[in-house]
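The values are calculated or read from the model by the stated rules, or taken from the named source; none is laboratory data. On a predicted model such as this, the values are computed, not experimentally measured, just so you know. So basically every Cβ, Gly included, is an ideal-geometry build from the backbone, and we count neighbours across all protein chains shown. The accessibility values were calculated without ligands, DNA or RNA, using every heavy atom of the protein model including side chains. Shrake-Rupley method; radii C 1.70, N 1.55, O 1.52, S 1.80 Å.
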Amino acid sequence: MKFKIYFFVLNLALLSSFTVLVKPINPVKEKIKWVTLEEAAALSKKEPRKMVVDVYTDWCGWCKVMDKKTFTDPEIAKYVNKHFYAVKLDAEGKAPITVNGKMYKYNEQYRTHEAALALLKGQLSYPTTVYLDERMAIITPVPGYLDVPNFKTLLKYFAENHYKNKSFQDYTATASVK
């Protein structure tokens with residue numbers, strides 16, 4: 001009887017170690033490395049790179065969907081991290097932000113942060129993704145929810161400088177965007 005119990009326990013141990021060995025290993029998914037606007041400005045002085053700014057609010061449903069579906073995509077994260085500094089900006093945040101010697105504060109009248117007002121050119125819409133060049137000049141804000149394929153297309157359009165010589169409509173009509 002002792003032999004049968006011993007044999008059963010030994011087989012159980014061997015089987016469980018075998019299943020651990022054959023289980024597929026889940027690679028760690030890359031995540032977007034979010035920084036503040038101030039951090040992105042400092043990083044860009046050392047290593048110039050374009051910026052993508054997610055302007056959001058806590059109450060915005062589509063902002064949350066973008067956080068959950070678009071920004072968590074591993075391919076998106078890898079591409080963003082390679083080509084951009086990614087910034088999250090709470091449009092209703094109260095903390096002052098200083099960039100290139102200029103301080104932006106919360107604006108009580110508009111109930112919005114001045115940095116969001118500047119980036120969105122006064123057109124408050126959430127979510128909005130704002131693209132900045134290497135010198136932090138606004139290329140363009142893109143309002144609305146972006147799913148993975150549309151966001152990927154926009155990222156490539158700006159990262160690869162296609163915006164400098166063709167319209168987005170021409171780019172999407174002629175490019176093989178993958």
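Just to be sure, is ALA95 in contact with a strand residue (DSSP E or B) (Cβ under 9 Å, 6 or more places away or on another chain) and open to solvent by 40 Å² or more (accessible area, probe 1.4 Å)?
Yes: the conditions hold for ALA95.
Considering (1) open to solvent by less than 40 Å² (accessible area, probe 1.4 Å); (2) of a type outside the set (D, E, K, R); (3) touching a helix residue (DSSP H, G or I) at 6+ places or on another chain (Cβ under 8 Å), say which one TYR145 fails and leave the rest.
That leaves (1) as the condition not met.
So is ASP58 part of a helix (DSSP H, G or I), open to solvent by 40 Å² or more (accessible area, probe 1.4 Å), within 25 Å of GLY122 (Cβ to Cβ) and modelled with pLDDT of 95 or more or not?
Here the answer is no, as ASP58 does not meet what is asked.
Taking the criterion of being touching a Lys or Arg at 6+ places or on another chain (Cβ under 9 Å), in a strand (DSSP E or B) and open to solvent by less than 40 Å² (accessible area, probe 1.4 Å), would at least one residue in the range 66-84 satisfy it?
Scanning the range 66-84, I find at least one residue that is touching a Lys or Arg at 6+ places or on another chain (Cβ under 9 Å), in a strand (DSSP E or B) and open to solvent by less than 40 Å² (accessible area, probe 1.4 Å), so the answer is yes.
May I ask you to say which residue of PHE151, PHE158 is among the hydrophobic types (A, V, I, L, M, F, W, C), at pLDDT 95 or above and either in contact with a strand residue (DSSP E or B) (Cβ under 7 Å, 6 or more places away or on another chain) or open to solvent by 30 Å² or more (accessible area, probe 1.4 Å) (or both)?
None of the other options fit; the residue is PHE158.
In a loop (DSSP other than H, G, I, E, B), among the hydrophobic types (A, V, I, L, M, F, W, C) and touching a strand residue (DSSP E or B) at 6+ places or on another chain (Cβ under 9 Å): does that describe LEU146?
Yes; evaluated as a whole, the condition is true for this residue.
Across the range 163-178, what is the total count of residues that are part of a helix (DSSP H, G or I) and either open to solvent by 50 Å² or more (accessible area, probe 1.4 Å) or closer than 15 Å to THR70 by Cβ (or both)?
Selection size over the range 163-178: 8.
Looking only at the range 98-106, decide whether some residue is in a strand (DSSP E or B) and aliphatic (A, V, I, L, M).
Yes, there is a match, as at least one residue in the range 98-106 is in a strand (DSSP E or B) and aliphatic (A, V, I, L, M).
Looking at (1) more than 18 Å from the chain's Cα centre (by Cα); (2) more than 22 Å from GLU47 (Cα to Cα); (3) at pLDDT 95 or above; (4) hydroxyl-bearing (Ser, Thr, Tyr), which one does TYR110 not meet, given that it meets all the others?
(3)
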